[in-house]
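Notes follow once the structure below has been shown.
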Amino acid sequence: MALFGSKKNQIDLTVPEMSCGHCEARITSLLGALPEVREVRADSKTRIATLTLKGDVRPSAEAIAAALADSGYSAELKA
């Protein structure tokens, strides 16, 4: 997965398994723990998680996948 969002300091991800408020909170917590991430907004209605980064360094696709995998979530770059 390439990590290029619409804004230089943002990454928009589709999280197909996100279906409720609990999922939103869990995904926010998991992705927010990545050191490069300043803020996470997760929306179960659109199944989109938006990561706002602290700087120019982006988390790797592997780091994002690992952060979500143990809880049963996957992510794809939003097209």
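The values are calculated or read from the model by the stated rules, or taken from the named source; none is laboratory data. Since the model is a prediction, treat every value here as computed from it, not as a measurement. Backbone-built Cβ (ideal geometry, glycine too); neighbour counts: all protein chains shown.
Laid out as a table, the results:
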| quantity | calculated |
| --- | --- |
| Scan of segment 14-66 for residues that are under 12 Å from the mean Cα position of the chain (by Cα) and among the hydroxyl-bearing types (Ser, Thr, Tyr), ordered by number | Thr14, Thr28, Ser29, Thr50, Thr52, Ser60 |
| Test for Thr50: is it surrounded by 18 or more Cβ atoms within 10 Å (Cβ to Cβ) and polar (S, T, N, Q) | yes |
| Meets criteria (modelled with pLDDT under 95 and touching a helix residue (DSSP H, G or I) at 6+ places or on another chain (Cβ under 9 Å)) for Met1 | yes |
| Segment 5-33: number of residues that are assigned to a loop (DSSP other than H, G, I, E, B) and among the basic types (Lys, Arg) | 2 |
| Residues of segment 34-53 classified as part of a strand (DSSP E or B) and more than 13 Å from Ile11 (Cβ to Cβ), total | 1 |
